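Asker: Attaching a single structure in structure tokens format; questions to follow.
Values quoted throughout were computed directly from the atomic coordinates according to the rules given, and no laboratory measurement underlies them. The model shown is predicted, which means the values in this text are computed figures rather than measured ones. Here the Cβ is made from the backbone with ideal geometry for all residues, glycine too, and neighbour counts use every protein chain on show.
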Amino acid sequence: MTDTQTNAFEALGLNNGLLSALKAAGYEKPTPIQSKAIPHVMKGADLLGIAQTGTGKTAAFALPILHRLAENRVKPMPRTTRALILSPTRELATQIADSFKVYGQHLGFRVAVVFGGVKYGAQERALQQGLDVLVAAPGRLLDHIQQKNIDLSSTEIFVLDEADQMLDLGFIKPIRQIVSRLPARRQNLFFSATMPGEIGKLAGDLLKDPVKVQVTPQSTTVERIKQQVIWVEAGRKRALLTELFSDPAYTRCLVFTKTKHGADKVAAYLEAGGVEAGAIHGNKSQPQRERALEAFKNGKLRVLVATDIA
Ligand code: AMP
């Protein structure tokens, strides 16, 4: 340790207000996606980030966005936002907005979040003021656009987060409608954990000469998990599940299925066989998902059958 050693966030050239917020948050050095993405995003480049939650991707876009907004400070006009982040769920949107507030705590920016399932009033008032950063779930944002609560024609930076989950939740059309309201000249950041065909196409349509950054999560499975593969004919899969769950040692189990419909069918099959099971996927409402998770946590459900939304 010498006193010439610089904090790696400083070396990226981030604004001092951001650096002190990071210090207070206890961040010592950038994660791989942060050190790869931040310099490019700070310069205004488009970015294609292949990364999952847990890699530090939120700060990888939030920090350089805040840096750029602070470099060119202008008071946002009423019913506009300088940066727009689209996020698939209420929980993620709230987490992202909280991150912007924590990192931007010394910068005095206006940050708001909008999502469905709650009243419009408070969201309308926040939009009316004009925002530096808006984090939004697509459905509710479209409602606000249609009600002329927000005009995106002056938005400078657009982020699409968790694009593959957006696809799974049926949000591709709303996203395209939202994008059509953005100005042609803007910076685009696109994040997805996987790149199925339709997502690749959307990225191709949205991004201009993007810098590509890909990171893999540090560990894919928790070490305490014992893994085992059982080969079984497709037609016997459900019967085998019921057989496995006849062992009372399996107290809390997650079953993943490829499709939402499959999740419902497996849960119903297990229920019929006397195993308390529930399904959780993108077609379930927010309260339904929360109830199922709660029942799983407190042991009322032994098995939660989920698509990869879980
Ligand atoms: P994310 O992948 O954006 O959901 O971030 C995962 C977690 O890592 C969050 O709790 C962040 O607060 C935390 N985090 C992100 N970047 C860093 C960093 N450079 N140092 C320490 N923690 C971090």
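Asker: Of G116, G26, T89, which is farthest towards the positive pole of the chain's charge dipole, taken about the Cα centre with +1 and -1 on the beta-carbons of Lys, Arg and Asp, Glu respectively?
Answerer: After comparing all options, I get G116.
Asker: Also, quick follow-up: Show me 10-19, 104-113 ranked by packing, highest mean number of other Cβ atoms within 10 Å first. If you can, show how the numbers build up before the last one.
Answerer: Working: 10-19: 16.4, 104-113: 18.7.
The packing order, highest mean first, is 104-113, 10-19.
Asker: Rank the residues D46, D151 as a footprinting-exposure proxy: fewest other Cβ atoms within 10 Å of their Cβ go first.
Answerer: D151, D46
Asker: Checking the cross-link filter: which aspartates and glutamates have an alpha carbon closer than 20 Å to that of K23, excluding same-chain neighbours under 8 positions apart?
Answerer: D3, E10, D98
Asker: Provide the packing ranking of 24-32, 36-44, i.e. peptides ordered by the mean count of other C-beta atoms within 10 Å per residue, highest first. Walk me through the numbers before you get to the answer.
Answerer: Numbers: 24-32: 13.8, 36-44: 18.9.
Final packing ranking: 36-44, 24-32.
Asker: How high is the relative contact order of the chain, given as a whole-number percent (alpha carbon pairs under 8 Å, six or more residues apart)? The partial results should precede the final answer.
Answerer: Values: 500 pairs, mean separation 55.1, N = 310.
Rounded, it is 18 percent for the chain.
Asker: Counting other C-beta atoms within 10 Å, which of K265, K75 has the fewest, and how do the rest follow? Walk me through the numbers on the way to the answer.
Answerer: On the way: K265 15, K75 9.
Ascending Cβ contact count within 10 Å gives the list K75, K265.
Asker: Compute the relative contact order of the stretch 32-114 as a whole-number percentage, counting only Cα pairs closer than 8 Å that sit 6 or more residues apart in sequence.
Answerer: Working: 55 pairs, mean separation 22.4, N = 83.
Normalised by residue count, the contact order of the stretch 32-114 is 27 percent.
Asker: Follow-up question, since we're still on this one. Show that you can apply the helix-only estimate: for the chain, add -39,500 (n - 2.57) for every DSSP H stretch of four or more residues, divide by all residues, and state [θ] at 222 nm to the nearest 500.
Answerer: Working: 13 runs with 130 residues, N = 310.
Mean residue ellipticity at 222 nm (helix-derived): -12500 deg cm²/dmol.
Asker: Find the Cα radius of gyration of the stretch 228-306, compare it with 2.2 N^0.38 Å by division, and give the number to two decimals. Please list the in-between numbers first.
Answerer: On the way: Rg = 12.3 Å, N = 79, 2.2 N^0.38 = 11.6 Å.
Rounded to two decimals, the normalised Rg is 1.06.
Asker: Structure shown: which of K173/K265; K201/K297; K101/K212; K173/K260; K119/K284 lie over 30 Å apart, alpha-carbon to alpha-carbon?
Answerer: Details: K173/K265 27 Å; K201/K297 38 Å; K101/K212 27 Å; K173/K260 19 Å; K119/K284 20 Å.
Where the Cα-Cα span goes over 30 Å, the pairs concerned are K201/K297.
Asker: Expressed as a fraction of 2.2 N^0.38 Å, the rule-of-thumb size for a compact globular protein of N residues, what is the C-alpha radius of gyration of the chain?
Answerer: Working: Rg = 21.8 Å, N = 310, 2.2 N^0.38 = 19.5 Å.
Cα-based Rg divided by the globular estimate yields 1.12.
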